[in-house]
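For reference, the structure discussed in these notes is given below.
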Amino acid sequence: MGAPGIDPSPSVGLLLTTLRVTLEATISAEVRDPRTGSIEAAGYVGPAGQRIFTYSHLPGSTARAGLLVCPALLRDFLGNYRREVELARALAAREVGVYRFHHRGTGHSEGEWLDASVDRLCQDATTIVHQMREQLADVPIGALGTRVGVFVAAASVARQPPEAPLVLWDPVVDAKGYLRQALRAQGIKNLRQKSRHAPSGSELARALVETGSIDLLGYLLPHSLHEDMIAVELPEILGDTPRSVLIVTKGPAPRDASVLGAELEARGFDVAFESVETGDSWWFDPELMPVVGTEDTPAAPAIPVLSPYVEVTLRWLRRLDGEAGGVSA
Amino acid sequence: MTNEAGIEGDTPVFIPLSGSHMFGVLSRPRTASNRIGVLVASGATAAPCCGRNSFVTSLARELCDNGFHVLRFDYPGAGDSPGILSEPDFAKPLVEEVVAAHNWLLGLTEVDEVAIIGQCGGGFNALCASHRLEQLCGLAMTSPPLTPEPKRESIVRNTPVKELAGRWLQWKNVRRYLGPERKRYAQLVVRRLRMSMENRASRVSSALGWHGKPESSDSDFFERMEPLLEGETRILMLFGTQDAWYADFAAELESGRLAGLVRRHGKDQVRTGSVDGRLQNLTEIALQNELREALVSWLGDIGSTSDGSDTSGVGAGP
């Protein structure tokens, strides 16, 4: 191997590290978990300047199913990240191949975030699904989406056979309401931190239209993306092929999620609801809204080994597997 | 495969650590390498090392354009690394993690020396690890925790308003309010007044043993800086005026141990700066840009081995 600083000893318990450079400009590094036998590979796919960061979790044996994890965006991206990693590792240990990725312009990926649109987000997911197909052959590939990531997950799973399930974590069904909440959170942050740049919610909404983007809690929200999100309807994206859908919400399902579930059920989808109790809030968690003073800590509290979102999802997938031979958990 | 394949741009890597590994991303320069590696040690949160709004990713790419190799990594239990994230503990800094990442970076054939950027707790981790790090040419710490709890804020929070007002009306303080730094002092006064009023009903100053003279910050932090400076490592300390430890930092820089370090080693070797707002968590894009500019400028000075100039875009201190 020869990489400085890497101990090639088998006692490390890892098969470190392979680096592949192919004509498709895919670069990846791999590790094997000796406990579960699953293989994790991180890499980039796509042309230079537009490369998408991807992280796969493949079982040591042949995968019986696949799951594409479509990440949350903006502030939710960091807040939800570790849950997605936990779920991926748990599923890989149960013979499910999982792929995670960062949209272009976010995370470790290349590209310009200001150019983001719902179409481009869906293209990113399609690129990863192609890669999954090469690895996983013909198994059904389900999708998981969180918050506004549900649009991408729905578009991705719509092209899959009916056995492929869809999991939605706290889906954002109403993009206008999402922006309202975001502007309110930004306004409260400005008030509490006495920010130098402290426009009101309505001023921010105006600025979004006039300048093409706004600073939302330290993230750039492009106007074009927001307009896209308002224009698309989740049930339409999901298509007409009935499939199993799990909707997980923090606390009792809000009205828009209930309406979404009812609409899908009316079209023949098998919809299940799960609610979880966590102390977090998507907009107002301790990391996001530190109180100035001695109780202000620089780091978020440790995350439990398995979050409730992961637990209920694993349980549902296990039940699904028992009923229909789909994705196993 | 090796890390010496000479691939430009970002490459995912796995850094061995005590029988497991940490995930990281190595950014290689597209231009000629200046043979300096930059290790970014983020605060110990569960978030991935790309940072808020991909701040670290974009910083790494900008530094790459200037010839640096940049490694960012996830602590165990954070981002894409396996394991469970430990609770932040001032008494148990994540030293082994920083040492492992530093040694990995220094092991690259294109890297002769390393500078570390430590954000919040990451800065403290790096400082605690520094005695084990070879070829450390620079250490930048943004909003590091100087003590387990911000001491001066504790004192102020627990001091009756009447006493605070008496201190603020002393002539030496009045002169400051009228001087060139009056805006910053005014912000401090307003903030402290607010905190004190919030707590006046429930707390008394004697609870913390305050006898009219501010305590210094924990001596350990600044003592750790001394051997680094004697070894000619450059240090940069940046705070936001709304950061938790800003008041401690300001006091130290004015007349405490930090002031002594600056006096003895010079402003080029110990550079300090502050920005209006809150650098912890970086919840404003404007602040992200200011911080990026300051770090790139400071590292540029190290890269060019110049004697340094004022950190652009950042005030010289409180």
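Remark: the stretch B:85-97, residue by residue, has Karplus-estimated 3J(HN,Hα) of 6, 7, 4, x, 9, 4, 7, 10, x, 7, 6, 4, 5 Hz, where x stands for each Gly or Pro and the curve is 6.51 cos²θ - 1.76 cosθ + 1.60 at θ = phi - 60°. Partner shielding of B:12-24 amounts to 6, given as the average count of beta-carbon atoms from other chains within 10 Å of each residue beta-carbon.
For peptide A:75-82, the mean count of partner chain Cβ atoms within 10 Å of a residue's Cβ comes to 5. Amide H contacts under 5 Å for A:Val271: A:Val245, restricted to partners 5 or more places along the chain or on a different chain, H placed in the peptide plane at 1.01 Å from N. Per-residue 3J(HN,Hα) values for the stretch B:99-105, derived from phi via the Karplus relation 6.51 cos²θ - 1.76 cosθ + 1.60 with θ = phi - 60°, read 4, 4, 5, 4, 5, 4, 5 Hz in sequence order (x marks Gly and Pro).
Highest-first packing order for the peptide set B:18-26, A:33-41 is B:18-26, A:33-41, based on the mean count of other beta carbon atoms within 10 Å.
Overall shape: prolate for the stretch A:152-191, with the ratio a/c of the largest to smallest alpha carbon gyration tensor axis at 1.5 or above and a/b above b/c.
Summing both sides, the accessible surface hidden between B and A at a 1.4 Å probe radius is close to 5500 Å². The A:Ser258 and A:Glu134 beta-carbon pair, evaluated with R₀ = 56 Å, returns a calculated FRET efficiency of approximately 0.90. Per-residue shielding of B:48-61, expressed as the average number of other chain Cβ atoms within 10 Å of the residue Cβ, stands at 5.
Using a/c under 1.5 as the rounded threshold, could you call the stretch A:113-172 rounded, prolate or oblate? The axes a ≥ b ≥ c are square roots of the C-alpha gyration tensor eigenvalues, and prolate needs a/b larger than b/c, oblate otherwise.
It comes out oblate by the Cα gyration axes.
Distant-in-sequence amide contacts of B:Leu139, defined by a placed amide H-H separation under 5 Å and a gap of 5 or more residues or a different chain, comprise B:Ile116, B:Arg234, B:Ile235, B:Leu236. For the stretch B:11-136, the square roots a ≥ b ≥ c of the C-alpha gyration tensor eigenvalues yield an a/c of 1.5 or more together with a/b exceeding b/c, which makes the shape prolate. Each label was represented as a point 7 Å from its Cα along the Cα-to-Cβ direction; for A:Arg184 and A:Thr241 these points are 3.8 nm apart.
In sequence order, the stretch A:59-66 has phi-based couplings of x, x, 9, 5, 6, 8, 7, x Hz under the Karplus curve 6.51 cos²θ - 1.76 cosθ + 1.60, θ = phi - 60°, and Gly or Pro positions carry x. Annotation: amide H-H contacts under 5 Å for B:Asp10 (H modelled 1.01 Å from N, sequence separation of 5 or more, or interchain): B:Arg28.
The values are calculated or read from the model by the stated rules, or taken from the named source; none is laboratory data. Model, not experiment: these values are computed from the prediction. We place every Cβ from the backbone using ideal geometry, glycine too, and count neighbours over all the protein chains shown. To get the accessible areas, we keep the full protein, side chains included, count just its heavy atoms, and leave off ligands, DNA and RNA. Shrake-Rupley method; radii C 1.70, N 1.55, O 1.52, S 1.80 Å.
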